[in-house]
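**Q** Have a look at this one.
The values are calculated or read from the model by the stated rules, or taken from the named source; none is laboratory data. As the structure is a prediction and not an experimental result, all values here were calculated from the model. Cβ atoms come from the backbone with ideal geometry, glycine included; neighbour counts cover every protein chain shown. Accessible surface is based on the protein model in full, side chains and every heavy atom, while ligands, DNA and RNA are left aside. Shrake-Rupley method; radii C 1.70, N 1.55, O 1.52, S 1.80 Å.
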Amino acid sequence: MITEPLLINKNPKGGLRTLPFIIANEAFERMATVGFTPNMILYLCREYNMETTAATNIIFIWTAATNFLPIVGALLADSYVGRYRMIGFGCFTCLLGMVLLWSTTILPGAKPPACDQLRNVCESATWSQLMPLYFAFGLMSLGSGGIRSSSLAFGAEQLDKGDGTKSKGALQSYFSWYYVFVSASSILAVTCIVYIQDNLGWKVGFGVPAMIMLLSALSFFLASPFYVKSKANTSLLPGLTQVLVASFKNRRTKLTTQATEEMYHHGKGSMRLMPSENLRFLNKACMVKHPEQDLTPDGRASNPSSLCTVEQASSMDRHVTPNFEIPSGSFTIFAILTLTVWIGLYDRALLPLASKIKGKPCQLSLKLRMGIGLLFSTASMTAWAIVEAARRSIAINEGISDDLRAVVQMSALWQLPYLVLSGLAMAFNLIGQTEFYYTELPKSMSSIASTLSGAGLSAANLLASLIMNAVDDITKRGGKGGWIPSNINKGHYDYYYWLLTGLSMANFLYYLACCKAYGPFKGRFGTAFDDKDGMEEEC
């Protein structure tokens, strides 16, 4: 927990009193968004009469946009509008999108007629019916991008003591507990909201997340008078262009390994006094050959341009007791629970124990944590492939492979190994990535740093859609049924999961190569911390 007293904060605004409002804003937004996600595949297939592949592609693109737009929002927040305004815009836009999606369950004619199973007649949705749906997805992604782009960095900004430094311990605890509360909100979403959708219908099930999003907006704006609202910096894109141009202009200048014959310009927000050894040709952009001419009396550059898993669960027995069964969309709760439990165990038990044994504060290195996360991800896909092979074999032996909605006599709890391993993968890799970006990039890019892991998730969703379409197209050639048809019992989803296992292992090997190329790091461009925090070492 964060135990740093509020009274030592030299800034009259900000501090610990603002963090509950910021975390509540993100937690409620995540609860609302995640509440829509698990059953969305069922909503599109049953209410809009879509094929499984088409519905999955829509969800992939929606998820990719939701993970990518925070990057755009972070650029705008850091360079133009500021984090407070960006979060406020995200609250309004996301709420509007959820209300619009809710309206598709209420308005007559918003969806095509239900399929006639007796006559095998299924009318597809028209463009006039699909456009409000797509527009709602777009608004929700845009709003989520606005909130997620700045929420984490905005909270860290409130911990600024007023002298440009933050307590490293408080910051790390904030990161960990931020994810704990966000994960807890996701747990409520995949249990309570999914249960409401399954038992009370889509109208109530989609209305509840919209009301939760309203609470998210209110929780954020209530603390507006107490926030530290830093102004946006100058645009980062022109700065990048200046670096490239200045590097080209100084291309004939030789770089030395000594710091005595040349100075390097660095602006506010960057703790780096000497440049990196990586991409050394860009160091020429920040060389000051003639300090009297190139710098103003206050140290600024005189010429800146010269310086620088629902379907599988629904087909299995989901009963825990004879009278209670877990909704198929709620099985992701086990991954989120694993993530939440591990964060608390790591932060409050394992690290203190390791520090006590070593006699000084220590922690696992970021590289090690991210690598362990990738190995857990590979192991989770292996477990998923094994379980699916067993499930399909049972369906064939029971003679129910032709029934699309048949339930095999196999407990859905066999998915637990996959879900637990997935939760551990997120706990190690996702949080490690966030800390890595935040400590390695300049302070002026903190919003961007907190969203870069989402860029990877966005690319992953687009790549997943591409791989799925390619596999579906290739395996259907010659009149075959393919690996991933709408009827999960007729396909070979297990082959598909084994393919993903191989790709996951290839990704881990690629990560090792990237680690070797990057070299050691210890917050080379990171946020300023107290000197006393430098005593920490790797466990």
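**Q** Any chance segment 399-407 includes a residue that's open to solvent by 40 Å² or more (accessible area, probe 1.4 Å), aliphatic (A, V, I, L, M) and either assigned to a helix (DSSP H, G or I) or modelled with pLDDT of 90 or more (or both)?
**A** Looking through segment 399-407, none of the residues is open to solvent by 40 Å² or more (accessible area, probe 1.4 Å), aliphatic (A, V, I, L, M) and either assigned to a helix (DSSP H, G or I) or modelled with pLDDT of 90 or more (or both).
**Q** Within the group Ala136, Ala125, which residue is under 18 Å from Arg46 (Cβ atoms), open to solvent by less than 30 Å² (accessible area, probe 1.4 Å) and touching a Leu at 6+ places or on another chain (Cβ under 6 Å)?
**A** The match here is Ala136.
**Q** Here is a follow-up. Taking the condition of being in contact with a Ser or Thr (Cβ under 8 Å, 6 or more places away or on another chain) and not β-branched (Val, Ile, Thr), how many residues in segment 406-421 meet it?
**A** Adding up the residues that qualify gives 7.
**Q** Step by step: first the residues of segment 12-51, then only those that are open to solvent by less than 50 Å² (accessible area, probe 1.4 Å) and of a type in the set (Phe, Trp, Tyr), then the one that is farthest from Ile326 (Cα to Cα). Which residue is that?
**A** By that ranking, first place goes to Tyr48.
**Q** Somewhere in segment 453-470, is a residue surrounded by fewer than 19 Cβ atoms within 10 Å (Cβ to Cβ) and more than 23 Å from the chain's Cα centre (by Cα)?
**A** Yes, segment 453-470 contains a residue that is surrounded by fewer than 19 Cβ atoms within 10 Å (Cβ to Cβ) and more than 23 Å from the chain's Cα centre (by Cα).
**Q** Given the residues Leu255, Leu188, Leu244, Leu237, which is the only one that is at pLDDT 85 or above and of a type in the set (A, V, I, L, M)?
**A** After ruling out the rest, the residue left standing is Leu188.
**Q** From the residues in segment 192-211 that are within 23 Å of Pro20 (Cβ to Cβ) and either open to solvent by 20 Å² or more (accessible area, probe 1.4 Å) or among the polar types (S, T, N, Q) (or both), which one is modelled with the lowest pLDDT?
**A** By that ranking, first place goes to Cys192.
**Q** Still on this structure, please answer the following. Inspect segment 346-361 for any residue being closer than 19 Å to Val420 by Cβ and among the aliphatic types (A, V, I, L, M) and give the result as yes or no.
**A** Within segment 346-361, one or more residues are closer than 19 Å to Val420 by Cβ and among the aliphatic types (A, V, I, L, M).
**Q** Suppose we filter segment 414-457 for residues that are closer than 22 Å to Trp384 by Cβ and polar (S, T, N, Q); how many remain?
**A** Matching residues across segment 414-457 total 3.
**Q** Which of the residues that make up segment 97-147 are part of a loop (DSSP other than H, G, I, E, B) and of a type in the set (A, V, I, L, M)?
**A** Across segment 97-147, the qualifying residues are Ile106, Leu107, Ala110, Ala114, Leu118, Ala125.
**Q** Moving on. Can you confirm whether Leu69 is in contact with a helix residue (DSSP H, G or I) (Cβ under 8 Å, 6 or more places away or on another chain), under 15 Å from Phe137 (Cα atoms) and open to solvent by less than 20 Å² (accessible area, probe 1.4 Å)?
**A** Answer is no for this residue.
**Q** Please state which of the following conditions Gly432 fails to meet, knowing it meets all the rest: (1) open to solvent by 10 Å² or more (accessible area, probe 1.4 Å); (2) in a helix (DSSP H, G or I); (3) modelled with pLDDT of 80 or more.
**A** (1) is the only condition that Gly432 fails.
**Q** If you don't mind, another one. Pull up segment 215-232, narrow it to residues that are part of a helix (DSSP H, G or I) and open to solvent by 70 Å² or more (accessible area, probe 1.4 Å), then point me to the one that is farthest from Ser79 (Cα to Cα).
**A** Leu215
**Q** Restricting attention to segment 501-539, and to residues there that are in contact with a helix residue (DSSP H, G or I) (Cβ under 6 Å, 6 or more places away or on another chain), open to solvent by 40 Å² or more (accessible area, probe 1.4 Å) and outside any loop (DSSP other than H, G, I, E, B), which single residue is modelled with the lowest pLDDT?
**A** Selected residue: Phe529.
**Q** Looking only at segment 1-55, count how many residues are on the phi > 0 side of the Ramachandran plot and at pLDDT 85 or above.
**A** 1
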